[in-house]
Amino acid sequence: MNSVGKSWLLLTGLIVFYIIYLLFGALVFSSIERPVEEQLRRDMDALKQEFLNQSCVSAASLENFLLRVLTANKYGVSVLRNSSVTSNWDLASSMFFANTLVTTVGYGHTTPLSDTGKAFSIVYALIGVPFTMLVLTACVQRIMYPLVIAPVCLLQRSGLEPRPATVVHFVLLLVLVVLCFFLTPAAVFSVVEVSWSFLDGLYFSFISLCTIGLGDFVPGTQPGQKYRPLYQVAVMVYLFVGLMMMYLLLRTFHKMSDLHGLTSFLQLPRCEDSDVDEDREPIVDGDSRTANHVTEKTASRHLDPASQPSYNTINKG
């Protein structure tokens, strides 16, 4: 079979496996969540009937009241006491909403109320989403050398072969990201958010940094929280830096896959096909003077994407 046929066969296999994976997830979620949902429905029906039996309110009036309450709650306005003291559209909250919009996290806890706000959200996101991706890419490009290239060079100078060095580095980077951007924030959220457990904080961190943003847990929305604006700004900084580190982790894995031949096996494009000329110069070829020369040259060059050393320049041995 020629290469084109193999490529299409591999793509078909990946699509089929993806569909099977979605069906597997659907079956598991349905088996876990549906009984809980049905029990909650029964509880709500019993509560509604108990309320009707103890009052002179008609079922139609009650349903109309609940419909209006739920509609208001959808837009972040609650009828519960002290829950609507602070506005969802003050400066800090509006900035938090804008941040979730352009990072594509989109919790959905607050949504535009007016048609003008909805129209502006479309225009704002059209410009803000690609601009945010540009900023994240630029930031990751700047930290590639100190967090990826230099550590791999250090591991190679310590005696490891290039491929094992990249694996060790990726595992260490993964542990660092999990510790600093998942476990530690989860502990912080479980303390600051009174109703959150450690698992809730870990769940929120994962859902947010993967830009899934289900919106069932949103920080800074509980009534009476102290320093709420400052807290929301801190969460915005955490989201941006966390997304940057997730992007760095993905790029590192992609580059490691290039070095180990995984992308070639799957017939996927290499991470830096544009760096052909730069790939001819290995970072480490057994001579420490070459590595020192590359390090000094990189430090003296202007920080632009074209001037940064490539992960793919590691000698494949």
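The numbers here are math on the coordinates, done by the rules we state, and not lab data. Predicted model only: the values in this text are computed from it and were never measured. Note that we place each Cβ from the backbone using ideal geometry, even for glycine, and neighbour counts take in every protein chain shown.
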*Provide Rg and Dmax in Å for segment 176-252, with only Cα atoms included in the calculation.*
12.3, 42
*Cα atoms only, segment 88-268: Rg and Dmax in Å?*
19.0, 63
*Karplus-derived HN-Hα couplings along segment 159-165 (A = 6.51, B = -1.76, C = 1.60, θ = phi - 60°), whole Hz, x at Gly and Pro*: x, 6, 6, x, 5, x, 4
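To one decimal place, what orientation-averaged projected area in nm² is obtained for the convex hull of the Cα set of segment 172-214?
Details: hull surface 11.5 nm².
Convex hull of Cα atoms, orientation-averaged projection: 2.9 nm².
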*Short version: ³J(HN,Hα) in whole Hz for each residue of segment 188-193, in order, from phi by Karplus 6.51 cos²θ - 1.76 cosθ + 1.60 (θ = phi - 60°), x for Gly and Pro, what are they?*
5, 4, 5, 8, 6, 8
*With the dipole of segment 114-202 worked out from charges on the C-beta (+1 for Lys and Arg, -1 for Asp and Glu) around the Cα centre, which of 152, 197, 136 lies farthest toward the positive end?*
152
